[in-house]
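Each remark here refers to the structure printed beneath this line.
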Amino acid sequence: MKQDDLERKIEQYYKISKKTSGTFNFGVSKEKKAYIKEIFKNSIGEEIYKIIQKHNLEPKKLKLLDMGCGLGGVISTCEKNNIDAIGIDVDKDAVNIAKERIKKPENILIASGESLPFKENSFDIITSTCTIEHVNNPKKYLSEAYRVLKNKGLFIIYAPNHLFPWEGHYKMLWLPYALPYTKFIFKLYLIIRHKKTNFLNSLNFKITPNYLKSLLKNIGFKEIQNISMERFLKKIENPKEIANPGLEKIITKLKKNKLLNLFLGTLILFLKITKLYHPIIFTAKKSKHD
């Protein structure tokens with residue numbers, strides 16, 4: 001499929017999904033352009049590949065599973081870098097688009113991360129990007145990842161931090177400590193802001209750095225590394241890499257003014273201490289010594 005046709009198909013996909021969920025108005029040109037640009041830029045896929053490189057893994061010898069592959073960005077990046085990659089997702093429309101973006105469409109499957117159709121010890125690397133906050137049972141989801149990961153295999157997970165004072169799905173500010181994991185309070189907040197509330201049913205507000213680290217540890221993962229701040233600081237240093245136009249403008253303005261830039265530095269220190277950064281990024285290893 002040609003790039004223009006694929007862009008139109010992706011635009012239509014998001015137009016329908018965002019209108020149905022009521023998260024934000026995808027018809028706004030700035031948001032639309034930013035979304036489409038980010039999809040084809042494959043930023044997260046490129047970041048994941050850099051993480052793989054840091055672990056000195058040989059691409060041609062790897063078999064990777066992307067849990068919740070969405071529109072196939074990670075799989076597309078893996079193919080470009082000679083990694084044998086399989087993606088699964090429960091969204092049939094997203095899967096259909098993902099199949100059209102990659103060379104081997106048979107590698108994209110409709111399946112749930114909470115019940116993977118693979119044998120134990122099947123993959124060298126498993127990735128999960130912006131998916132765990134939508135699953136019914138995060139522990140089961142991570143346990144399935146652990147089950148199909150090979151011994152000494154690498155797990156990479158990206159997730160929104162619900163302590164962060166910006167709700168990425170709705171594109172709006174909110175107060176995490178004032179609304180701790182309480183959907184009822186957040187529902188009222190959305191009603192006041194004239195937003196639809198049905199999308200809340202798909203969100204798990206418990207996803208925080210401490211919660212995620214605890215789950216990974218309890219399931220049996222070892223060498224758990226939190227690399228969230230490293231990525232966050234890179235975005236602050238280069239605001240153009242921030243996908244959201246509104247946040248990009250705010251950070252750019254803060255950096256240009258000396259006094260505000262000092263405030264930004266204080267804010268970064270505060271975020272490190274309180275773990276209010278976004279997103280959460282962990283790497284972990286499966287390590288059995290039976």
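The values are calculated or read from the model by the stated rules, or taken from the named source; none is laboratory data. Nothing here was measured: the structure is a model prediction, and the numbers come from that model. All Cβ positions, even for glycine, are placed from backbone atoms using ideal geometry, and neighbour counts span all protein chains on display.
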Exercise. Search the range 47-69 for residues that are under 21 Å from D89 (Cα atoms) and in contact (Cβ under 8 Å) with a residue 40 or more places away in the chain and pair each with any residue that is assigned to a loop (DSSP other than H, G, I, E, B) and among the acidic types (D, E) when their beta-carbon atoms are under 7 Å apart and the residues are at least 6 apart or on different chains.
Key: none
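Pick from the range 20-51 the residues that are farther than 22 Å from Q3 by Cβ and among the charged types (D, E, K, R): which of them is surrounded by the most Cβ atoms within 10 Å (Cβ to Cβ)?
E47
Determine whether E58 is modelled with pLDDT of 80 or more and not aliphatic (A, V, I, L, M).
yes
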Quiz item: What number goes with the only condition from (1) free of Cβ contacts under 8 Å to residues at least 60 places away in the same chain; (2) assigned to a loop (DSSP other than H, G, I, E, B) that H278 does not pass?
Solution: (1)
Quiz prompt | Residue list for the range 83-103, filter: over 19 Å from the mean Cα position of the chain (by Cα), farther than 20 Å from I36 by Cα and surrounded by fewer than 20 Cβ atoms within 10 Å (Cβ to Cβ) | solution = D84, K103
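Residues are listed down the side, and each one gets a yes or a no for (1) more than 27 Å from A284 (Cβ to Cβ); (2) at pLDDT 80 or above; (3) surrounded by 12 or more Cβ atoms within 10 Å (Cβ to Cβ); (4) not aromatic (F, W, Y):
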site: K222; (1), (2), (3), (4): no, yes, yes, yes
site: E230; (1), (2), (3), (4): no, yes, no, yes
site: E241; (1), (2), (3), (4): no, no, yes, yes
site: P245; (1), (2), (3), (4): yes, no, yes, yes
site: K256; (1), (2), (3), (4): yes, yes, no, yes
site: L262; (1), (2), (3), (4): yes, yes, no, yes
site: L267; (1), (2), (3), (4): yes, no, yes, yes
Quiz item: Can you name every residue in the range 52-64 that is surrounded by 19 or more Cβ atoms within 10 Å (Cβ to Cβ) and assigned to a loop (DSSP other than H, G, I, E, B)?
Solution: L62
Practice problem: Confirm whether I75 is aliphatic (A, V, I, L, M), assigned to a strand (DSSP E or B) and without any contact (Cβ under 8 Å) to a residue 60 or more places away in the chain. | Solution: no
Quiz prompt | In the range 194-205, the residues that are loosely packed, with under 11 Cβ neighbours inside 10 Å and not in a helix (DSSP H, G or I) | solution = H194
Self-check item: Residue check for E106: surrounded by fewer than 14 Cβ atoms within 10 Å (Cβ to Cβ), outside any loop (DSSP other than H, G, I, E, B) and on the phi < 0 side of the Ramachandran plot
Solution: yes
Quiz item: Is it the case that the range 14-23 has a residue that's aromatic (F, W, Y), free of Cβ contacts under 8 Å to residues at least 24 places away in the same chain and not in a loop (DSSP other than H, G, I, E, B)?
Solution: yes
Quiz item: What is the number of the single condition among (1) farther than 21 Å from G153 by Cα; (2) not in a helix (DSSP H, G or I) that D93 does not meet?
Solution: (2)
Quiz item: When the residues of the range 1-19 are filtered to those that are at pLDDT 80 or above and of a type in the set (S, T, N, Q), which remaining residue is surrounded by the fewest Cβ atoms within 10 Å (Cβ to Cβ)?
Solution: Q12
